[in-house]
Amino acid sequence: MSEFRNLPSVEQLLQTRHAAELIAVYGRSLTLSAIRTVLDDIRTSYGNDNTIPQRPAVLELAEKKLETWVEPTLLPVINATGVILHTNLGRAPLSQTALQVIRGMSAGYCSLEYRLSSGQRGERSEHVESLIKMLTGAEAALVVNNNAGAILLALSALARRRRVIVSRSQLVAIGGGFRVPEIMRQSGAKLVEIGTTNQVRIEDYENALQDSTAFLLHVHHSNFKIIGFTEEPPLSELVKLGNRYDIPVIDDLGSGALLDTSRFGLAHEPMVQESLKAGAALVSFSGDKLLGGPQAGILAGRTDLIQKIKRHPLARALRVDKLCLAALSATLLHYLKDEAEREIPVWQMIATTPEELKARATRWRNILQTGEVIGGLSTVGGGSLPGETLPTFLLALSVKQPNQFMRRLSALKPPIIARIMDNQVVLDPRTVTPDQEGALLVGLQNVLGIKG
Ligand SMILES: *Cc1c(COP(=O)(O)O)cnc(C)c1O
């Protein structure tokens, strides 16, 4: 240990000018922690033949530590993957109006649980319930933290120690640990699996009915497709059966589109309105998938069921915050005013024509003076419309080491997330918002070594 006698002490280091500068930027306690950590690192990892670092070197190391400690890892990125609802990149970007209301609501106080008309205590979820009811035709609605939470809550409040019947073809895992069977166990509901992976008949549902059946659960496939020999009764058949036995049907739609995706050349994604019209007692869907709003889980349907769910203690644990409610109501208003396609980024991206995309990719190519504009496919993602694609145009860059190039793109500020296709790095204009284009081109010039 004697070789460390020459190591400067914390006190000596703190007296230097460099330490004073670090304290001014990072604060005293963080700087002190960094210095101590560096000294510890040196004591544990320096071998006998290494020279012991002196004050300037120790402080350089401490500064590096401080820089990495305060470097945020949650950053806005440029999504050039062409996956519109990219779960790992935060799913739906919000509309300009939603952003404005979030700003206004977060700076001060708001009427979150206060009825301005009467001066009495209100309920936070009220602010969006009437909008959801108007848009979907539901009797009642409730908003919670996310759709997984909405399902957990509905199961806990309505099916504890009772049977819930689900087809094996719908026992899905959505990713990020959301597995229908596990959620069921957590809620205390008894899962009754019927049918097979590729085939389930209405008789299978009927044969499983017993007195203690709380409801029939219908789950949208979301992120996979069963092709070939398949059979699944439509929701309306389940409702018919449920009506005969007085058992409600709950439909987990996952994405929950409010606009018809088939208008944009995509397959038809089940819509919330349709599901309720078909007789589902409750539907649940996410706020940040095709709805194009903030992360939220929405339950809409029968008043008696919603009331029961609202009274469950988990409803409090899963409640949404004021920023979510503000953004959600702004998003829902776009639908009510028939301007969703124009104002909500997810729908703007879906609606962008191949011609516009070709023009944008070509403009990028002309500015960069490199690469090639090629045809390609964008996807909706986020567990919506599996296997469905939208034709697009990509800027394809032939680079020597595509993986390394991608890493350099994601190290930029702001990071650019691209895709590799046929050994080329490709960038899809569909998911790059117009205000990010400048930063995208500067970033690409940088990594390509082109002078801007
Ligand atoms: C995405 C999805 C969920 C989970 O929704 P989150 O809002 O991510 O919690 C649940 N069910 C289905 C069918 C889904 O597609």
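The values are calculated or read from the model by the stated rules, or taken from the named source; none is laboratory data. Source: prediction; values computed, not measured. Methodologically, a virtual Cβ is constructed for each residue, glycine included, from the backbone with ideal geometry; neighbour enumeration extends over all protein chains shown.
Pairs meeting the criteria (first residue in region 276-289 and farther than 12 Å from Ala300 by Cα, second residue within 7 Å of the ligand (Cβ to nearest atom) and part of a strand (DSSP E or B), beta carbons under 9 Å, at least 6 apart or on different chains) are Gly287/Gly297; Lys289/Gly254.
Yes/no matrix, rows are residues, columns are (1) of a type in the set (Lys, Arg); (2) more than 17 Å from Ile344 (Cα to Cα); (3) touching a strand residue (DSSP E or B) at 6+ places or on another chain (Cβ under 7 Å):
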position	(1), (2), (3)
Asn243	no, yes, no
Pro248	no, yes, yes
Ser262	no, yes, no
Val272	no, yes, yes
Asp288	no, no, no
Gln295	no, no, no
Asp304	no, yes, no
Ile309	no, yes, yes
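Table: residues versus (1) among the β-branched types (Val, Ile, Thr); (2) within 28 Å of Leu266 (Cα to Cα); (3) assigned to a loop (DSSP other than H, G, I, E, B).
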{"position": "Gln307", "(1), (2), (3)": "no, no, no"}
{"position": "Ser329", "(1), (2), (3)": "no, yes, no"}
{"position": "His334", "(1), (2), (3)": "no, yes, no"}
{"position": "Leu357", "(1), (2), (3)": "no, yes, no"}
{"position": "Trp364", "(1), (2), (3)": "no, yes, no"}
{"position": "Ile367", "(1), (2), (3)": "yes, no, no"}
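For Ser384, indicate whether it is in a strand (DSSP E or B), within 17 Å of Asn88 (Cβ to Cβ) and of a type in the set (Gly, Ala, Ser). Judged against the criteria, Ser384 is not a match.
Selection of region 201-251 for residues being away from the ligand (no atom under 16 Å from the Cβ) and among the charged types (D, E, K, R) yields Arg201, Glu203, Asp204, Glu206, Asp211, Glu231, Glu237, Lys240, Arg244, Asp246. Surrounded by fewer than 20 Cβ atoms within 10 Å (Cβ to Cβ), within 18 Å of the chain's Cα centre (by Cα) and modelled with pLDDT of 95 or more, is that true of Gln307? No: the conditions fail for Gln307. Residues in region 391-402 that are in contact (Cβ under 8 Å) with a residue 12 or more places away in the chain and polar (S, T, N, Q): Thr392, Ser398. The number of residues in region 157-184 that are within 16 Å of the ligand (Cβ to nearest atom) and basic (Lys, Arg) comes to 2.
Considering only residues of region 252-295 that are part of a loop (DSSP other than H, G, I, E, B) and at positive phi, which is farthest from the ligand (Cβ to nearest atom)? For region 252-295, the residue satisfying everything is Gly265.
This table checks each residue for (1) in contact with a Phe, Trp or Tyr (Cβ under 6 Å, 6 or more places away or on another chain); (2) part of a loop (DSSP other than H, G, I, E, B); (3) more than 15 Å from the ligand (Cβ to nearest atom).
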site: Lys133; (1), (2), (3): no, no, yes
site: Ala141; (1), (2), (3): no, no, yes
site: Leu155; (1), (2), (3): no, no, no
site: Thr197; (1), (2), (3): no, yes, yes
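Within region 232-279, the set of residues being surrounded by fewer than 20 Cβ atoms within 10 Å (Cβ to Cβ), acidic (Asp, Glu) and touching a Ser or Thr at 6+ places or on another chain (Cβ under 9 Å) comprises Glu232 only. Note on region 360-390: among residues that are of a type in the set (D, E, K, R) and in contact (Cβ under 8 Å) with a residue 24 or more places away in the chain, the one that is nearest to the ligand (Cβ to nearest atom) is Glu388. Looking only at region 290-304, how many residues end up being surrounded by fewer than 20 Cβ atoms within 10 Å (Cβ to Cβ) and in contact (Cβ under 8 Å) with a residue 12 or more places away in the chain? Here the count works out to 3. A single member of Val346, Val399 is surrounded by 15 or more Cβ atoms within 10 Å (Cβ to Cβ) and within 16 Å of the ligand (Cβ to nearest atom), and it is Val346.
To keep it simple, each residue is scored yes or no on (1) within 16 Å of the ligand (Cβ to nearest atom); (2) closer than 24 Å to Leu333 by Cα; (3) in a helix (DSSP H, G or I).
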| position | (1), (2), (3) |
| --- | --- |
| Thr68 | no, no, yes |
| Leu75 | no, no, no |
| Asn88 | yes, no, yes |
| Ala98 | no, yes, yes |
| Ser117 | no, yes, no |
